[in-house]
Amino acid sequence: MTVHTPDQQAAPLTHTVLADTPVGPLTLVVLGDALTGLYMTDQRHRPPQETFGTPADPDDPPFAETIAQLRAYFRGELTTFDLPLALRGTPFQRRVWAALCTIPYGETVSYGRLAERLGAPTAARAVGLANGRNPVGIIVPCHRVVGANGSLTGYGGGLDRKRRLLDFERTESALFPVEECG
């Protein structure tokens, strides 16, 4: 995963909805030419719909590329995303989100272990809070973080979605039948 931070000074927010995914509708939010949000229905910490900007055509860049990569992921054909991202958060949150991108596909890490990797071994709770505020779930794989004993704990999209994503990545069978992805 490559995190890009393009110049977004006067860029407007736009959004589109990818309705047909195995985890339900996904609202994609773009700032200029970079993805700044991917939100699930009923997601904890989902911003209000009116903050997503104007509706846009899903065929417009960068929506088209984001949708293509998400569909490839759900078909089991893509394990790492490469999209321009404009992630808004505190410096600590951005460090956590960057660290999430280093967790290999199909693997998990505990909040404590992730805190250690960041050089802050006593910050497991802060890592969990930053993880929960991840604005681009799935693409920045916050679902790969688990409790110290390997249990599924907290996921903004719901534990059922987290379990489904982790099971999918471990078994590598498509969540999306190929014919449904276009």
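General remarks:
- Candidates Glu116, Glu77, Glu50, ranked by Gaussian network fluctuation over the chain, Cα under 10 Å, top entry: Glu50
- For segment 48-88 versus segment 90-157, the gap between their alpha-carbon centres in whole angstrom: 21
- Taking a ≥ b ≥ c as the square roots of the Cα gyration tensor eigenvalues, segment 91-171 comes out prolate, since a/c reaches at least 1.5 and a/b is larger than b/c.
- Prolate/oblate/rounded label for the chain (Cα gyration tensor, a/c 1.5): oblate
- Kirkwood-Stokes translational diffusion coefficient of segment 68-125, alpha-carbon pairs, 4 °C, 1.567 mPa s, µm²/s: 99
No value in this document is a laboratory result; all are computed from the given coordinates. Note that the structure is predicted; figures quoted are calculated from it, not measured.
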